[in-house]
1. State the dimensionless ratio Rg/Rh of segment 50-107 (Rg: radius of gyration of Cα atoms; Rh: Kirkwood radius).
2. Please go through segment 15-57 and write out the GluC sites (Glu not before Pro) that DSSP classes as loop and that have at most 14 other C-beta atoms within 10 Å.
3. Please report the relative contact order for segment 308-424, taking Cα pairs under 8 Å with a sequence separation of at least 6, and give it as a percent rounded to a whole number.
4. Keeping the other protein chains in place, figure out the carbon and sulfur percent of the accessible area of segment 237-296, with a 1.4 Å probe.
5. Which value in Å is the Kirkwood Rh of the chain over different Cα pairs?
6. Which three extents, in whole angstrom, do the alpha-carbon atoms of segment 269-363 cover along their principal axes, largest first?
7. Can you give the Kirkwood hydrodynamic radius for segment 120-182, in Å, rounded to one decimal and based on Cα pairs?
8. Which value, in Å², gives the accessible area per residue of the chain when a 1.4 Å probe is used on the protein heavy atoms?
Amino acid sequence: MATNPTNPIPQFPADFLWGVSTSAHQIEGAAAEREPSVWDAFTAEAGHVKDGSTAEVACDHFHRYPQDVALLRDLGVGAYRFSVSWTRVNSPGGLDFYDRLVDELAGAGVRPVPTLFHWDLPSSLEEAGGWLNRDTAERFAEYASVVAARLGDRVTKWITINEPAEHTLLGHALGTHAPGKQLMFDALPAAHHQLLGHGLAVRALRAAGVTDIGIANSHGPTWASSQEQADVEAAGFYDLLLNRLFAEPIILGEYPEGIGELMPGTDVSADLKVISEPLDWYGVNYYAPTRVGAPEGADIEFGGITIPAELPFTVKEIEGAPTTDFGWPVVPGGLTELLTTFRERYGDRLPPVVITENGCSYEGVDDQERIAYLDGHVRALHEATEAGVDVRGYFVWSLLDNFEWAEGYARRFGLVHVDFETLERTPKASYAWYRDLLRAQGGR
């Protein structure tokens, strides 16, 4: 499907970076050729993944990367955001794969944008305490140095950590993701240590000569379900927990009031100086806003996640909004609101922004609903730029249908359909739509 010539998407700047994103554990496969990770252990236990699947093979990107890079080349994107598997780097010859991938991307004219951590912590580090252990932040910086030393001659744009909020909430507080801990608010050290690891990795990358560094934090507007004080306070707490807790230490060098006292260590202020190492850009993963009210005394199922009754908020349906196959509300205007809110909240201290993930789960190859979703969000992004937000890039999640964490293979986010029996790739209608958009924007 071509872009609509009667209602074309407005032009972005000529140097605007268009791309797609993936992550190692979700697409690489070849699990036997690397160390085990927390996700290998998590999926090995019955009941953790809804369809009982694992990522042992996934999309077999490890062996089929030339085919996938050809898809990127034909799509016409300027950049490919992938993640480096810490467990593979720890294995003999593991970095050789990323050498080959980066060279293949260079040959296709696609800029590599690696993410150093996308949730797949080595099991050996988890056994030593994982992100609850401060030492993991130091080990992460050492790992960043190793990867940068190998790839830094060809890779100039880097991301430290992906979505520490989700990894803390789902992996350490609620237990619905690896490593499966159910610590509730005792999970806060995992948040702090990821943020500290981010800052230490920024320093390590700078020492390696890297000049273009960001993070990929997930954010979305929080809407109170009513103007009743209890609902407004619950929404404010949710906004603090999912937005401000992970943005403000990086952007402002401080935790929201009352949060720093809950963090581990004897000198949190010294840690914040590391966490707030200057970034070249700030990555935002956006999917939807969240409507929040006062707790109602019962567990709630929302978007595949159980929200326990003991949390001081309840997530509610956004009335009138269509939903994806995942049950997530489709609200393109939420992206404009989020970015303009951040610009108002943080002013000139907010670095230039890159949308590092935006996408949706729908079935089918003729995926008109995905086209409508992406079209709406790209227009909403342009509205944010018109309102004065400095946005430098946009990455669709995801290139391929993949292993969608605790959902297994039941959710399809890809521009390219993957048959998980044969591993055949079939570009969807949305792939053609995005290709046409990039051409209309002056891409290859």
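The values are calculated or read from the model by the stated rules, or taken from the named source; none is laboratory data. If you're wondering where the values come from, they're calculated on a predicted model, not measured in any experiment. We place every Cβ from the backbone using ideal geometry, glycine too, and count neighbours over all the protein chains shown. Accessible surface areas use protein heavy atoms only, side chains included; no ligands, DNA or RNA. Shrake-Rupley method; radii C 1.70, N 1.55, O 1.52, S 1.80 Å.
1. Values: Rg = 13.0 Å, Rh = 12.9 Å.
Checking Rg against Rh, the ratio lands at 1.01.
2. Values: sites: 28, 33, 45, 56; in loops: 28, 45, 56.
Here the GluC sites (Glu not before Pro) that fit, given the DSSP loop and packing criteria, are 45, 56.
3. Numbers: 135 pairs, mean separation 30.7, N = 117.
That works out to 26 percent.
4. Numbers: 1110 of 2260 Å².
The C+S portion of the solvent-accessible surface of segment 237-296 is 49 percent.
5. Details: mean 1/r = 0.0456 Å⁻¹.
Every distinct Cα pair counted, the radius reaches 21.9 Å.
6. 41, 33, 24
7. Working: mean 1/r = 0.0771 Å⁻¹.
Final number for the Kirkwood radius of segment 120-182 is 13.0 Å.
8. Numbers: 16370 Å² over 444 residues.
With all protein chains present, the chain gives 37 Å² per residue.
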